[in-house]
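All remarks here apply to the structure that follows.
The values are calculated or read from the model by the stated rules, or taken from the named source; none is laboratory data. On a predicted model such as this, the values are computed, not experimentally measured, just so you know. So basically every Cβ, Gly included, is an ideal-geometry build from the backbone, and we count neighbours across all protein chains shown.
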Number of protein chains: 2
Amino acid sequence: MEKYAVIVAGGSGMRMGTSIPKQFLLLRNKPVLWYSINAFLEAYNDLQIIVVLPPDYAETGLQIIRTTIDPNRVWITTGGETRFHSVKNGLEPINKSGVVFVHDGVRCLLTPALIRRCYEATVDKGNAIPSVGEVDTIRVETVNGNELMDRNKVRRIQTPQTFFSDLIKAAFEQDYDELFTDEASVVERLGVKINLIEGEASNIKITHPVDLLIAEKILEEREVQ
Amino acid sequence: MEKYAVIVAGGSGMRMGTSIPKQFLLLRNKPVLWYSINAFLEAYNDLQIIVVLPPDYAETGLQIIRTTIDPNRVWITTGGETRFHSVKNGLEPINKSGVVFVHDGVRCLLTPALIRRCYEATVDKGNAIPSVGEVDTIRVETVNGNELMDRNKVRRIQTPQTFFSDLIKAAFEQDYDELFTDEASVVERLGVKINLIEGEASNIKITHPVDLLIAEKILEEREVQ
């Protein structure tokens with residue numbers, strides 16, 4: 001089956017307090033985005049990638065792509081106003097039926113094993129959303145105050161969110177709604193049941209400067225194993 | 001008003017993969033627990049502390065207490081089978097009306113400012129539970145599948161969970177229930193409304209080895225400011 005990954009790297013990195021968007025920051029001398037691209041290239045050798053870049057960073061993106069293990073399978077496009085619009089741009093070139101992974105470029109530590117599990121679960125059920133359990137106590141604000149959640153039922157959502165291409169392309173034909181916080185929420189609006197699968201604790205998002213230190217530590221631990 | 005802090009440091013640290021319980025691990029050459037105790041001693045000079053220690057670590061605990069800024073205000077007791085039982089032991093010596101803070105010993109980066117805000121809010125409303133907003137997408141498992149939570153309404157709960165002493169002591173007279181995941185859940189069972197206040201993003205829990213690196217980074221940033 002055809003396999004496409006849309007890697008969203010359109011962010012401007014305001015929260016890092018750096019002038020460089022976070023997907024281009026260096027982790028062990030390689031840009032964060034480099035790791036994300038390579039994980040997908042490694043997972044399947046017939047997978048093609050569309051990287052969604054901020055308009056001013058196409059050249060930076062191309063330089064990173066040239067250093068990956070197979071630049072010929074990587075394409076670029078530019079991001080839109082919101083994540084929804086960026087993903088929509090990334091889906092545009094996909095014109096065959098298959099499986100589409102939509103991934104946060106700053107979740108750079110995902111493994112090929114997770115990508116393959118997302119693929120298998122999608123072939124089986126039409127979509128696969130990786131998620132992990134919750135360790136903290138969580139409360140939810142209600143009309144009268146707040147209430148304790150059963151933490152065993154809480155799932156923290158990750159990416160790559162994975163779908164049959166026909167499904168996700170149809171979902172992104174809908175009008176934008178600010179309640180669309182991720183791709184699963186867009187697809188769910190069509191009445192489709194969301195299929196959660198087990199993600200990876202190490203599949204973290206590089207959002208704050210300290211996350212780069214955590215990422216380094218995770219890479220170090222992987223080397224020891 | 002009388003002020004007591006019960007600092008729970010009864011854990012055995014299995015998740016750290018170390019033989020030393022995590023509350024005794026070193027952060028910049030001082031044990032994690034040292035930071036927690038000092039923050040409370042600094043917040044109010046009439047505050048007394050009861051540290052709940054694992055049975056085999058009373059001597060280790062005493063050594064740490066001796067190096068804090070005012071060891072004469074710190075007492076020790078030993079932990080029980082669960083967190084509920086440990087807190088119950090820690091509340092035992094409190095025999096005057098006042099305000100009680102119950103704190104995770106491994107949340108060692110809390111500031112005196114947060115402690116004072118918890119106190120003020122408790123004097124005002126009887127209890128104060130620090131919490132922070134959610135940045136990830138969260139889903140909750142339901143009977144038929146799962147549903148997206150409104151992330152703006154999700155609060156991650158921290159400590160020190162703070163209460164009028166009469167309230168928390170009465171709450172801990174109840175029989176143990178495994179749904180008691182924190183002190184707020186025990187007090188809430190009495191029909192009391194839980195008062196959430198703003199916590200601190202840096203008030204992290206030292207649970208995994210990488211958390212020590214994050215903690216070092218946070219201390220470094222505080223020095224620069």
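Taken over region A:202-216, residues that are in a helix (DSSP H, G or I) and buried (at least 17 other Cβ atoms within 10 Å of the Cβ) amount to 5. Going residue by residue through region A:128-151, is there one that turns out to be touching a Pro at 6+ places or on another chain (Cβ under 6 Å) and buried (at least 19 other Cβ atoms within 10 Å of the Cβ)? Taking every residue of region A:128-151 in turn, none turns out to be touching a Pro at 6+ places or on another chain (Cβ under 6 Å) and buried (at least 19 other Cβ atoms within 10 Å of the Cβ).
Just for region B:152-201: of the residues that are within 10 Å of chain A (Cβ to nearest Cβ), assigned to a loop (DSSP other than H, G, I, E, B) and hydroxyl-bearing (Ser, Thr, Tyr), which one is surrounded by the fewest Cβ atoms within 10 Å (Cβ to Cβ)? Restricting to residues being within 10 Å of chain A (Cβ to nearest Cβ), assigned to a loop (DSSP other than H, G, I, E, B) and hydroxyl-bearing (Ser, Thr, Tyr), the top hit is B:THR181. Only one of the numbered conditions (1) touching a Ser or Thr at 6+ places or on another chain (Cβ under 9 Å); (2) touching a residue at least 24 places away in the same chain (Cβ under 8 Å); (3) among the polar types (S, T, N, Q) is not met by B:THR159, and that is (1).
Looking only at residues of region B:125-145 that are hydrophobic (A, V, I, L, M, F, W, C) and outside any strand (DSSP E or B), we find that the one that is nearest to A:VAL140 (Cα to Cα) is B:VAL135. Take B:LEU41 and decide whether it is at pLDDT 95 or above, aliphatic (A, V, I, L, M), over 18 Å from the mean Cα position of the chain (by Cα) and surrounded by 14 or more Cβ atoms within 10 Å (Cβ to Cβ). It is false that B:LEU41 is at pLDDT 95 or above, aliphatic (A, V, I, L, M), over 18 Å from the mean Cα position of the chain (by Cα) and surrounded by 14 or more Cβ atoms within 10 Å (Cβ to Cβ).
Screening region A:77-115 for residues that are among the polar types (S, T, N, Q), touching a residue at least 60 places away in the same chain (Cβ under 8 Å) and out of contact with any Ser or Thr (no Cβ under 6 Å at 6 or more places or on another chain) and picking the one that is nearest to A:LEU212 (Cα to Cα) gives A:THR111. For region B:15-28, the criterion of being of a type outside the set (Val, Ile, Thr), touching a His at 6+ places or on another chain (Cβ under 9 Å) and closer than 19 Å to B:PHE172 by Cα is satisfied by no residue at all.
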